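Below is one structure; the comments refer to it alone.
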């Protein structure tokens with residue numbers, strides 16, 4: 001069958017009435033979504049000519065694989081939909097064919113899911129993207145400005161500027177939001193790019209499935225042939241040696257081909273436990289950006305932005321300020337609190353007031369009112385610096401003991417409402433002037449010693465989180 005002539009009369013059939021969407025559904029039902037996305041999702045359907053269903057493949061590799069593994073069943077599926085079909089042919093998609101007048105093929109992914117909200121079903125498969133998670137809806141503050149700027153740069157750059165971008169921070173601070181924002185921006189600006197966004201957990205499950213069904217070639221084809229790979233929560237593959245091995249080789253292949261990689265985790269690369277040293281080393285190759293816990297100003301800005309998006313409910317400024325002061329755990333919980341208040345007001349038809357807010361959120365407010373104790377601070381600092389608690393509370397003045405003691409005093413002053421004399425008593429009966437000296441000393445050290453500042457920031461996060 002040629003590319004011109006009699007082909008046009010049969011290939012110009014109305015694709016809306018074609019059997020292709022139903023063939024795709026049958027394929028997915030029998031072989032699964034993964035096989036569909038990896039293989040059939042890359043094909044185009046040209047039409048039926050003289051009893052032969054014609055498909056096009058983007059590469060010889062894809063064409064040969066489908067012919068070896070799926071062609072007989074595909075022919076059966078077509079015959080079941082259209083009894084005229086007695087044969088199946090898979091051709092390579094070439095520019096020459098298009099120039100000669102062959103109609104554009106109907107893509108499998110577009111035929112079966114035209115409303116897809118992932119990254120362009122024609123170029124890749126991604127976990128579902130949230131349309132609310134864009135750069136426009138991300139509120140920037142001091143705690144996340146570096147991560148935001150780096151993500152924006154990657155989404156707009158025509159070439160790789162730093163590889164990988166590693167974003168880390170606690171739960172609900174905006175890592176996933178930035179990943180989705182990158183994906184949406186790339187889809188908008190360069191839709192021809194092949195992008196995959198996936199959680200580390202799903203990466204592992206797909207790899208296990210590929211091993212089980214002896215289909216690792218397809219797995220490698222999927223993840224090593226993209227322009228941008230984004231893996232969320234990489235700490236999930238800790239102690240998963242086989243998955244880490246595959247992740248390592250995938251990472252190297254993409255970086256060697258100057259393809260962009262973006263990774264997120266709940267901690268920095270050097271703090272990841274159960275991850276191979278060679279992976280940790282490579283994760284630190286590019287730019288590592290920390291997303292710190294939000295401060296009051298950023299929390300208030302996030303709430304104001306969200307309240308402005310709601311046209312049906314008026315949220316008084318004092319309520320927003322109250323929530324920003326009292327809900328400090330993470331952004332997700334903060335936004336959830338505001339959603340609960342607005343939903344209550346809408347459903348019962350009452351205006352939002354401070355009394356309504358306190359009633360609706362009493363459980364959440366109680367949880368965030370948990371009081372941090374000096375004992376907890378002492379234990380956390382002792383563990384962090386690998387000391388016995390008794391050593392830190394002793395009279396010993398060796399620097400490796402005295403410095404953690406001063407840090408614990410400083411944190412007790414910053415994170416509790418206890419007085420200086422009470423803090424001193426809890427540290428072996430010391431005078432309040434000793435606590436004052438410790439606080440001033442640590443403040444000076446934080447200004448002059450970046451490592452000390454990092455240690456105290458990390459300890460504060462651990463205690464408050």
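None of the figures in this text is laboratory data; all of them are computed from the coordinates on show. These numbers were taken from a predicted model, which means no experiment stands behind them. Please note: Cβ atoms are built from the backbone with ideal geometry, for glycine as well, and neighbour counts cover all protein chains shown.
Quick look at the values:
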| read-out | value |
| --- | --- |
| Principal axis dimensions, largest first and in whole angstrom, of the range 365-457 by Cα | 41, 30, 25 |
| Computed Rg/Rh of the range 170-256, alpha carbon atoms with Kirkwood Rh | 0.98 |
| The range 190-238 shape via C-alpha gyration tensor axes, a/c threshold 1.5 | oblate |
| Computed over the range 296-368: relative contact order in percent, which uses C-alpha pairs under 8 Å that are six or more apart | 34 percent |
| Gyration tensor (alpha-carbon) shape descriptor, the chain, a/c threshold 1.5 | prolate |
| Distance in nm between pseudo-label sites at residue 245 and residue 402 (7 Å out along the Cβ direction from Cα) | 5.2 nm |
| Computed over the chain: relative contact order in percent, which uses C-alpha pairs under 8 Å that are six or more apart | 11 percent |
| Cα gyration tensor, the range 296-368 - rounded (a/c under 1.5), prolate or oblate | oblate |
| Burial order of peptide ranges 290-297, 39-46 (average beta-carbon count within 10 Å, highest first) | 39-46, 290-297 |
| The chain - mean residue ellipticity at 222 nm from DSSP helices (-39,500 (n - 2.57) per run, n ≥ 4, rounded to 500) | -16500 deg cm²/dmol |
| Alpha-carbon gyration tensor eigenvalues x 5, square-rooted, for the range 169-324, Å | 35, 19, 14 |
| Kirkwood hydrodynamic radius of the range 379-424, Cα pairs, Å | 10.8 Å |
| Stretch gain in nm, segment residue 340-residue 390, where the contour uses 0.36 nm per residue and the Cα spacing is subtracted | 13.4 nm |
